[in-house]
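Colleague: Here you go, one structure.
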Amino acid sequence: MTGSGRSKPPQGPFRFEAALKRNAQALAAGLCFLLPLPATAQEGDPLKGEQVFKACKSCHQVGAGARNGVGPHLDGLFGRQAGVLDGFKYSGAMKKLGEEGLVWNAFTLNQYLEKPRAYVPGTRMSFRGMTNEGDRIDVIAYLQALSKEAPAADPRAGTQARAEIGAVAMGMEGDPEFGEYLSSECVTCHQMSGRADGIPSIVGWPSQAFIRVLFEYKTNVRSHQVMQNMTTNLGNEEIAALAAYFGSLDPQ
Amino acid sequence: MPNITRRTFGFVVGAGATTLAMPYYARAQGKPRVVVIGGGAGGATAARYMAKDAGEDLDVTLIEANPQYTTCFFSNLYLGGYRSFDSITHGYDNLASNYGITVVNAMADSVDREAREVVMADGSKVPYDRLIVAPGIDLIYDSVPGYSEEAAEVMPHAWKAGPQTKLLKARLDAIENGQQVVMVAPPNPYRCPPGPYERVSMMAHLFKEKGYDDCKIVIIDPKPKFSKQGLFTEGWEKYYPGMIEWYGPDVHGGIASVDPQTGEVETDLDTFRGDLVNVIPAQKAGMIAASAGLTNDSGFCPIDPASMRSQADENIFVIGDASIAGDMPKSGFSANSQAKVAAMTIRGELTGSKVFPAKYSNTCWSLIETNDGVKVGAQYAPSAEKIASTSSFISQTGEDDALRQATYEESVGWYKGITTDIFGT
């Protein structure tokens, strides 16, 4: 087990005790978090969870026809080993924990969503965490309802024909060599290994998502001063090249 | 040294310089050799990028006097108690073992440009085809009358991270309620423009944490204004009301002298006495740049803005604080950015790899109080005369707490990112 920063191991003899303890604390606090039994879903409010999930949607799809994006699709999530979806580039840390027995259920998800980087050190998920336990329970309930649907026939990051920002760059063949040159500006902050230690991981993204996000910064749809400034001078060719290069890298 | 044809170059400035680049990769004897003097944010990055990208095609040597490097960036956070000294100190093991760089832990004494050799302090010689000079800054102690290298043991500058930083931390921690700290801020141009003011913020944070209600920090500044002034001033009023006083030259009228014996700083206006005096004197390029004849009257090194090539020698590149980088501030981020341009240019000349147009960038984060970070940054491109800013940004006054916290957390991520980019994994 590599997770020095993880307070509770996701499996092994401690798990059940920890779950009980956690459950008792939650009950004592007047919350309705329960063990990963079917009852859990009923305790959370999927409709509220749908609102909470808006924060997740830019990276994760769930429901009928879901595809991988910046994050893996979430259909069939419950009961699945962590880090095993075909065609998604997981961090080494996530795959390793999956091999060691991490399985997604309401209990493990609750902990992961609270502090992703503490629960799976080295995760690529650029999300600080959801401090409100009620939100976590609601979003888990939402996911339990939606994830029973079937994903797209080929859920690898798709070629949805959507008229959207960055369409020109999306139609271009990015030059990875040019992208590698341009990338040297990015890796001063974004680690080449794909680790996210306070700065998002940008390694192994589907090209379309990468391009869309950069255009969202460029057109001030997304607000971040450094990224807005960085993208000011990037044109279609540069952005396509960066998407091609970073998309070709495998996270460690 | 194999019989390389010696060449002497006319001094070439600007865009024409690259056309003189010789196809050294066509040389019959051995691999082309690149030597880097200085293992800081600029030098170590340049060495790593050349070794990483050229693989077996280049012989890369990094000369650095110290076995470990403590970053100046984030050293204020060590003073403020947010970071340990170890967490801002890095070794060269990865560069040696994972990238095949020859790391020489010894002092370079001078450069024999005619022979294209670095002469080490012990007299040994390291030949080069291309040389990167990245010595950082030297302090001009006597720019403040009464100040000297010896005086720095009493009035620490702590503007080169290492023992001086530890000394300043020890002195700061010993300050008691009711005592006064005086900072003599540096004139332009100097390393890390917002650094002195972030440092003052960290000092104030430390005193506030201890519950001191009667400490003062006085800044005697030779400059009429300073980096992120509006942001710092706003933060000081918000978090440390009444604790920090800043005097510009129109108020103090000029710094006459400092006295390490009495802890006094004499100005035209008044004499300020500090229980701790932090003197940050004027700066110039590291000594070896001057002795190699790469500096001009400013004390820093003119370069070709498209490549970071020295204007004095075609085979030498100067990066980081020692260079005159136009609109770019002297910062670790700038040095890291310039290193990549120099590395790409040199690799292209020596191995025939593709050379793309130069791009530069910089961002400087500063911490004002716990979870209150601010930033300033820009992108740059070479113009005919200088490295010129093409777009820029700065944090705004009145930003909400969540944004300031996100900015601080981002700076912590940046530190991890850039030190990985400099020292490798």
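Colleague: Filter the stretch A:199-227 for residues that are more than 19 Å from the chain's Cα centre (by Cα) and within 7 Å of chain B (Cβ to nearest Cβ); which is nearest to B:Ile418 (Cα to Cα)?
Modeller: Once the filter is applied, the top-ranked residue is A:Val226.
Colleague: Can you name the residue in the stretch B:356-388 that is touching a residue at least 40 places away in the same chain (Cβ under 8 Å) and part of a loop (DSSP other than H, G, I, E, B) and, of all such residues, is surrounded by the most Cβ atoms within 10 Å (Cβ to Cβ)?
Modeller: Filtering first and then ranking leaves B:Ala358.
Colleague: Taking the condition in contact (Cβ under 8 Å) with a residue 60 or more places away in the chain, in a loop (DSSP other than H, G, I, E, B), of a type in the set (A, V, I, L, M) and not assigned by TED's automatic domain parsing to the domain that holds B:Ile175, does B:Ala306 pass?
Modeller: Against the criterion (in contact (Cβ under 8 Å) with a residue 60 or more places away in the chain, in a loop (DSSP other than H, G, I, E, B), of a type in the set (A, V, I, L, M) and not assigned by TED's automatic domain parsing to the domain that holds B:Ile175), B:Ala306 qualifies.
Colleague: Residues that are surrounded by 15 or more Cβ atoms within 10 Å (Cβ to Cβ), at least 3 per element: which strands (runs of 3 or more DSSP E) completely within the stretch B:88-168 meet that?
Modeller: By residue number, B:102-104, B:108-112, B:117-120, B:130-133, B:137-140.
Colleague: Looking at this structure, is A:Glu173 in contact (Cβ under 8 Å) with a residue 40 or more places away in the chain, of a type in the set (Asp, Glu) and in a loop (DSSP other than H, G, I, E, B)?
Modeller: Here the answer is yes, as A:Glu173 does meet what is asked.
Colleague: In the stretch A:96-154, what residues are of a type in the set (A, V, I, L, M), part of a helix (DSSP H, G or I) and farther than 18 Å from A:Arg80 by Cα?
Modeller: A:Ala118, A:Ile137
Colleague: If A:Ala196 satisfies every condition in (1) surrounded by 23 or more Cβ atoms within 10 Å (Cβ to Cβ); (2) at pLDDT 90 or above; (3) within 14 Å of another protein chain (Cβ to nearest Cβ) but one, which is the exception?
Modeller: The single condition A:Ala196 does not satisfy is (2).
Colleague: Of the conditions (1) part of a loop (DSSP other than H, G, I, E, B); (2) surrounded by fewer than 19 Cβ atoms within 10 Å (Cβ to Cβ); (3) modelled with pLDDT of 95 or more, B:Gly230 clears all except one; give me its number.
Modeller: (1)
Colleague: With respect to the numbered conditions (1) over 16 Å from A:Gly194 (Cβ atoms); (2) in contact with a Phe, Trp or Tyr (Cβ under 7 Å, 6 or more places away or on another chain), which one is the sole condition not fulfilled by A:Leu109?
Modeller: (2)
Colleague: Of the residues B:Gly348, B:Gly417, only one is more than 15 Å from the chain's Cα centre (by Cα), more than 9 Å from chain A (Cβ to nearest Cβ) and in a helix (DSSP H, G or I); which?
Modeller: B:Gly348
The values are calculated or read from the model by the stated rules, or taken from the named source; none is laboratory data. Quick caveat, the model's predicted, so the values are computed rather than measured. When we count neighbours, we look across all protein chains shown, and the Cβ atoms used for this are built from the backbone with ideal geometry, even at glycine.
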